[in-house]
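The values are calculated or read from the model by the stated rules, or taken from the named source; none is laboratory data. These numbers were taken from a predicted model, which means no experiment stands behind them. For accessibility, only protein heavy atoms count, side chains too; no ligands or nucleic acids. Shrake-Rupley method; radii C 1.70, N 1.55, O 1.52, S 1.80 Å.
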Amino acid sequence: DWNENGGASNDLGDPVYAVASGTIVAADNYGSGWGNIILVRHVMPDGSNVWSQYAHLQNILVSSGSVARGQQIGTVGRGFNNEYSPHLHFEIRKTDRPANAWVTGMTRDQIRALYHHPTVFINANRNLSSCSNGTASLTNRDGGPPIHPPGSVIKLPLPSTTVYLIDS
């Protein structure tokens, strides 16, 4: 689960972005235990697939079709009927499972066979290249926009506002 520093409800309603380009497999409310879920299938450079799951969302902003890396797809929520403190439940799956599948009764080895550790997986699937100014930046293998080194503050101008992201 991903939470903003500071506790309380600091991240309630914050934007949730697609981790990579892909195809929406599911976007619906799954009731108690989950609430709103978005499941996206991503095709890797070798042709294999992984799935990213975003759960406990307050709002779902996409319903079908393709998403682009960095596209806002939802907002951080509290689960069905506000069951939890605000947070994003985020998974990277190795196998195609139902959007609301859970790991109850599984051993640690069974879980490791079905899921990637999100941070390890994302870091392993970035490419390091040099920026024109000589500093390092990371470029997503799907050709997406640059990903800057951890701790970088990135200014993104949007039509009506400016958003600052800290890439971690």
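Surface composition of region 73-125: carbon and sulfur make up 53 percent of the accessible area, probe 1.4 Å.
Residues ARG112, ARG97, sorted by accessible area with the largest first, give ARG112, ARG97 [1.4 Å probe; ligands and nucleic acids excluded]. The base-10 log of I(q)/I(0) for region 1-91, evaluated at q = 0.14, 0.17, 0.21 Å⁻¹, reads -0.45, -0.65, -0.93 [Debye formula, identical scatterers on Cα atoms, solvent excluded].
Note that region 1-103 presents 47 Å² accessible area per residue, ligands and nucleic acids not counted, probe 1.4 Å.
Taking amide H positions as modeled 1.01 Å from N, with prolines and chain starts lacking one, the residues under 5 Å from GLY35 and 5 or more places away or on another chain are TYR30, PHE80. Within the assembled protein chains, the solvent-accessible surface assigned to ASP109 is about 110 Å², based on a 1.4 Å probe.
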